[in-house]
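Report on one structure; see the data block that follows.
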Amino acid sequence: MACSSCAIYHKLDSLATAYSHKSFDVVAASSIKLYGSVVTLWILWQLGVNWLYRGDIDKAEFVKTMLCFLIVGLFLQSSDYYWDYVYDPIYSATVKLAQTVISASGQLRADRIEAMLQVVENELGRILDLQKMISADTSWYQVPTLLGGIVLALPYIFIWGLFLAYTLDAIFSFLVISALAPLYIVCAAFPSFRSFTINAGRVVLQGCLTVIFASVAMGFTIEVLKHFMTTVPITEAGAGPGAAAWVFSKEYWNLFLIGFISILFHLKASSIAGTISGAGGGPGATSMVVGAAMITAGVAKSATTQAGGKVMEWGGQAFDRLTQSTSTGKYAWSKPGEH
């Protein structure tokens with residue numbers, strides 16, 4: 001099965017990386033000029049005023065500051081230093097750690113996020129295959145069963161999109177910081193502006209931790225699905241006996257609610273990542289989605305029950321009218337409630 005989420009991620013990742021490189025070079029050109037002017041004025045002040053005029057220059061502090069200026073200037077001279085010593089190591093460490101926690105569910109590891117998305121899509125795709133099997137094994141007039149197969153797939157489709165969104169969130173975090181990285185690098189050289197660099201690092205850390213913690217939630221979801229999928233009377237060959245009876249059973253609702261519990265885990269992962277990184281995050285969306293999930297479950301169950309009851313009611317009325325018409329020799333069909 002083709003990995004559609006992998007294609008989306010690969011395209012956006014390529015575009016974001018290319019844009020970051022271009023933006024870095026453009027911003028760096030202006031930042032180097034501004035940085036060189038500020039450093040030159042600082043050196044003239046320290047040597048001309050503090051040392052020659054006042055004679056109270058702090059040599060240790062002067063040397064330490066000059067080393068800081070040289071390191072910052074080195075990073076500004078070439079974008080390769082940023083990509084080789086900052087971007088690539090952080091990206092690789094994030095992917096490897098995320099793959100490690102995903103592999104705890106028994107999946108193979110890889111060195112790219114696309115491979116992880118492929119695993120996630122394959123595992124959640126089993127639920128979509130289950131929905132297709134239910135639909136194929138159900139007659140057109142079995143509306144509640146058809147609806148049940150669709151309703152079962154909804155939370156897992158949401159999880160699929162949510163996990164992809166979190167991986168793209170990490171891309172955006174890197175894009176926002178990398179595009180303006182020269183400015184944050186310059187700020188790191190001056191104590192008064194160093195907080196901007198620290199906050200930029202927190203944004204990147206939040207994006208990385210979101211992917212890692214979401215991978216923990218996804219790995220646990222896959223592990224739980226392995227257990228509960230054994231109760232489904234459907235095999236790879238197709239729908240097994242009792243498939244229609246399984247829909248809306250206790251095991252069906254267990255599998256349905258597990259999907260929304262997994263949504264809670266993923267949203268909680270994002271909240272925890274924001275708390276640890278110090279970049280913000282709250283549980284508001286979590287409670288909203290969980291509440292909506294429980295309402296959806298209740299409405300879906302009620303709607304299918306009512307639909308089944310209406311079908312039986314109309315069928316009974318139609319049968320009664322047919323019997324009466326046959327006994328009198330006349331076929332007088334009428335709307336429900338008419339005599």
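The values are calculated or read from the model by the stated rules, or taken from the named source; none is laboratory data. A quick note: this is a predicted structure, and the numbers were derived from the prediction, not measured. Every residue, glycine as well, gets a Cβ built from its backbone with ideal geometry; the counts of neighbours run over all protein chains shown.
Going through V204, V151, V143, V186 one at a time, which residue ends up being among the β-branched types (V, I, T), within 18 Å of the chain's Cα centre (by Cα) and on the phi < 0 side of the Ramachandran plot? Only one candidate qualifies: V204.
Residues in the range 197-209 that are more than 10 Å from S277 (Cα to Cα) and in contact (Cβ under 8 Å) with a residue 12 or more places away in the chain: T197, A200. Evaluation of L209 against the conditions (1) aliphatic (A, V, I, L, M); (2) farther than 30 Å from Q131 by Cβ; (3) over 12 Å from the mean Cα position of the chain (by Cα) shows that the sole unmet condition is (3). The requirement of being out of contact with any Cys (no Cβ under 7 Å at 6 or more places or on another chain) and assigned to a loop (DSSP other than H, G, I, E, B) is fulfilled nowhere in the range 22-45; no residue meets it.
For the range 75-85, does any single residue satisfy the condition of being under 38 Å from the mean Cα position of the chain (by Cα) and aliphatic (A, V, I, L, M)? For the range 75-85, residues under 38 Å from the mean Cα position of the chain (by Cα) and aliphatic (A, V, I, L, M): present. The conditions of being part of a helix (DSSP H, G or I) and surrounded by 22 or more Cβ atoms within 10 Å (Cβ to Cβ) are met by F163. Residue-level check: of (1) at pLDDT below 85; (2) in contact with a Gly (Cβ under 8 Å, 6 or more places away or on another chain), G149 misses just (2).
State yes or no: is S103 over 26 Å from S178 (Cα atoms) and hydroxyl-bearing (S, T, Y)? Judged against the criteria, S103 is a match. Is the range 134-152 home to any residue that is in contact (Cβ under 8 Å) with a residue 12 or more places away in the chain, among the aromatic types (F, W, Y) and assigned to a helix (DSSP H, G or I)? There is no residue in the range 134-152 that is in contact (Cβ under 8 Å) with a residue 12 or more places away in the chain, among the aromatic types (F, W, Y) and assigned to a helix (DSSP H, G or I).
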